Amino acid sequence: MKADKNLNRARGISYTRLFLSLLLTVLKFFAGLFGNSTALLADAVRSFSDFLAESVKLLDLCIASKPKDESHNYGHGKVATLCVGAGALLLLITGIQAFSLGLEELFLFIHEKEPGTPETIALVVAGGAFISREIFLRISRRRGLGPDSSSYASFQLPGKNTFISGVVLLGIGCTFLPGNGWDAADSFTAVLVSLYLLGTSAKLLYGTVDELIEASLDEESNRQIRKIIDETEGVIASHELKTRKIGKGIAINVCISVHETLNVQEAAEISKRVESRLKKACGPETYTLIKAEPDPGRNCHIHNRNRFRNGLAEEGGNKTAM
């Protein structure tokens, strides 16, 4: 009951953020279009990225978080991964369009041609969007909701969103200052926001492709996993570590070396201990495959010793035959 209540609460929060991001996207787009502000159009794309992030999060709550079944042994995490990649591709295309519009306006200014300056409606909508977002974040913090914590589905960070909204508002506001030198502030701001969007989309696409081709986790994560395994009681060493990401979870395959005198049950208990520590550190959605085998160093020593004894026996047999 408590889990269902938390799930419904999370869905309600996500629906609210989804509606707010969609509303801001529409308002910014039309205000930028009719208010002649390229910066606000670029900011509309950024708000659209928030809408995509919330959509992926809802998909994760409804589909990707479903438990594994007979036809999906590792769960449904790849569904969210594919949607993140599709959203990132769409963000990349719209970011390129916003970048080209801002660059075109800048070229007009450089060639001493008067670029279009934003209208009052663009400034009003930019200011209203900035204030409404801050109010929503403050209300969320007071209710203990806080920002979204899903790292893989987040297209933007809340702190960066607030900073960029402030930059957009400042860029549009500068065009209302006296003097023709401020006319390019709107276009320059659009280029900056577009570059940020292009960088974000490229990073998301790289991560999506990396996950779909079953790439290993980064070296730092693998190092932490090795440390957890090697520090587990009963583990002498670990080798053949293989990791990959599955949605929000990860899969870990590893061989551990245990003392050669242990029986099968004792080795299995050590494997369970390693699995428990990994899930505690990496999350309950971690898939583990742990193979326990005798310490290769000791085993190698016994093997060499047996070869030596067999060699002596063969040599003695040859001398007898002679």
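The values are calculated or read from the model by the stated rules, or taken from the named source; none is laboratory data. Note that this is a predicted model, so its numbers are computed, not measured. Backbone-built Cβ (ideal geometry, glycine too); neighbour counts: all protein chains shown.
Kindly provide the set of residues from the stretch 179-197 that are in contact with a Ser or Thr (Cβ under 9 Å, 6 or more places away or on another chain) and under 19 Å from A98 (Cβ atoms), ordered by number.
D183, A184, A185, D186, S187, T189, A190, V191, S194, L197
Looking at (1) free of Cβ contacts under 8 Å to residues at least 12 places away in the same chain; (2) more than 30 Å from A98 (Cβ to Cβ); (3) β-branched (V, I, T), which one does I246 not meet, given that it meets all the others?
Single failed check for I246: (1).
Among the residues of the stretch 231-243, what is the count of those that are free of Cβ contacts under 8 Å to residues at least 40 places away in the same chain and of a type in the set (G, A, S)?
Total satisfying the criteria: 2.
Taking the stretch 199-228, which residues are more than 17 Å from K242 (Cβ to Cβ) and crowded, with 17+ Cβ neighbours inside 10 Å?
Scanning the stretch 199-228 gives T200, S201, L204, L205, G207, T208.
Filter the stretch 157-190 down to the residues that are in a loop (DSSP other than H, G, I, E, B) and either over 19 Å from the mean Cα position of the chain (by Cα) or surrounded by 18 or more Cβ atoms within 10 Å (Cβ to Cβ) (or both) and list them by number.
T175, F176, L177, P178, G179, D183, A184, listed by residue number.
Every residue in the stretch 126-150 that is part of a helix (DSSP H, G or I) and at pLDDT below 70, please.
Once the filter is applied, which keeps residues that are part of a helix (DSSP H, G or I) and at pLDDT below 70, the stretch 126-150 yields S140, R141, R142.
Pick from the stretch 37-47 the residues that are at pLDDT 90 or above and of a type in the set (S, T, N, Q): which of them is farthest from L198 (Cα to Cα)?
S37
Can you tell me which residue is nearest to A190 (Cα to Cα) among those in the stretch 48-105 that are at pLDDT below 70 and among the polar types (S, T, N, Q)?
Across the stretch 48-105, the extreme among qualifying residues is S65.
Taking V193 as the residue in question, decide whether it is surrounded by fewer than 20 Cβ atoms within 10 Å (Cβ to Cβ) and assigned to a helix (DSSP H, G or I).
The answer is no for V193.
Are any residues in the stretch 25-34 of a type outside the set (F, W, Y), surrounded by fewer than 24 Cβ atoms within 10 Å (Cβ to Cβ) and touching a Leu at 6+ places or on another chain (Cβ under 8 Å), and if so, which ones?
L33
Going through V235, V254 one at a time, which residue ends up being of a type in the set (A, V, I, L, M), at pLDDT 90 or above, more than 30 Å from V79 (Cβ to Cβ) and outside any helix (DSSP H, G or I)?
Testing whether each residue is of a type in the set (A, V, I, L, M), at pLDDT 90 or above, more than 30 Å from V79 (Cβ to Cβ) and outside any helix (DSSP H, G or I) leaves just V235.
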